[in-house]
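Let me begin by presenting the structure, written as structure tokens, before commenting on it.
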Amino acid sequence: MRLHVADHPLITHKLTVLRDQRTPSPVFRQLTEELVTLLAYEATRNVRVAPIEIQTPVTSTTGVRIDDPRPLVVPILRAGLGMLEGMVKLIPTAEVGFLGMVRDHETLEPSTYAERLPDDLSDRQCFVLDPMLATGGSLGAAIDFLFDRGAQDVTAICILGAPEGVAAIEKQVAGRDVTLVLGALDERLNEHGYIVPGLGDAGDRLYGTV
């Protein structure tokens, strides 16, 4: 597994505002979108492209276009939806699928309650969106789901991650082509499975249902 933790003052600044409990939901949503676009630049560094001939006002030249099959962006419901717009702004030609996953607050184990994905993901580059990498249960289950459908190349984008979650994903995806992109790697998980210092429940803060 390849791990990239962003190191950019704009990302750190926006994360600081996200962490602040006084930040209202509309501002939180806007900053989340902006953060994902910044993180997506790194996450799409190895997106597959194909050469294309074009005509400029001066001469003909060779450029590139996003190759087929198109990348698949998969937000994990519900909090991942808040990251979707920032991703598709960068790759408007990408297809979008959905995975609905919920974590049991007692066992911390994830379960899938909904999915909308192509049956065959062979040779597809998949980008999974999940704001918080805490225990790694939900993200790990989502990655397994995609590989079971035939995916060969999965990149996960998370706003924050905990060391415990990173270690769990690294162990789970051994031997697979997986990249993990984080806005920041925080200190630890608390006894309730929340990231410390973190930013609270991303879904609640995105949609105001605290």
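The values are calculated or read from the model by the stated rules, or taken from the named source; none is laboratory data. The model shown is predicted, which means the values in this text are computed figures rather than measured ones. Backbone-built Cβ (ideal geometry, glycine too); neighbour counts: all protein chains shown. Remember, those area values only see protein heavy atoms, side chains included, never the ligands or the DNA or RNA. Shrake-Rupley method; radii C 1.70, N 1.55, O 1.52, S 1.80 Å.
Here are some notes:
- Estimated FRET transfer efficiency when R0 is 45 angstrom, pair Asp120-Glu33 (beta carbons, to 0.05): 0.90
- Neighbour-limited loop hits for GluC sites (Glu not before Pro), the range 105-210 (at most 15 other Cβ within 10 Å; DSSP other than H, G, I, E, B): Glu106, Glu187, Glu191
- Between 0 and 90 degrees, the angle of helix 25-43 with respect to the longest Cα principal axis of the chain falls at about 50 degrees.
- Mean residue ellipticity (222 nm) of the chain, computed from DSSP H runs ≥ 4 via -39,500 (n - 2.57), nearest 500: -10000 deg cm²/dmol
- Surface composition of the range 45-174: carbon and sulfur make up 51 percent of the accessible area, probe 1.4 Å.
- Residue with peak Gaussian network fluctuation, the chain [Cα springs, cutoff 10 Å], from Met87, Met132, Met101: Met101
- Stretch gain in nm, segment Glu85-Ser60, where the contour uses 0.36 nm per residue and the Cα spacing is subtracted: 5.6 nm
- Here the 3J(HN,Hα) profile of the range 110-119, calculated from phi with Karplus coefficients 6.51, -1.76 and 1.60 at θ = phi - 60°, is x, 9, 9, 10, 7, 8, 9, 9, x, 5 Hz, Gly and Pro shown as x.
- Where the chain is the region considered: accessible area per residue in Å², 1.4 Å probe: 50
- For the chain, the longest site-free run once trypsin sites (Lys or Arg not before Pro) in DSSP loop states with at most 11 other Cβ atoms within 10 Å are removed: 46-210
- Difference of contour (0.36 nm per residue) and Cα-Cα distance, Glu164 to Arg188: 7.9 nm
- Amide H contacts under 5 Å for Leu121: Gly150, Ala151, restricted to partners 5 or more places along the chain or on a different chain, H placed in the peptide plane at 1.01 Å from N.
- Between Ser25 and Tyr113, the C-beta separation translates, for a Förster distance of 30 Å, into a calculated FRET efficiency of about 0.80.
- Calculated FRET efficiency for the pair Asp204/Lys171, C-beta based, R₀ 30 Å, to 0.05: 0.55
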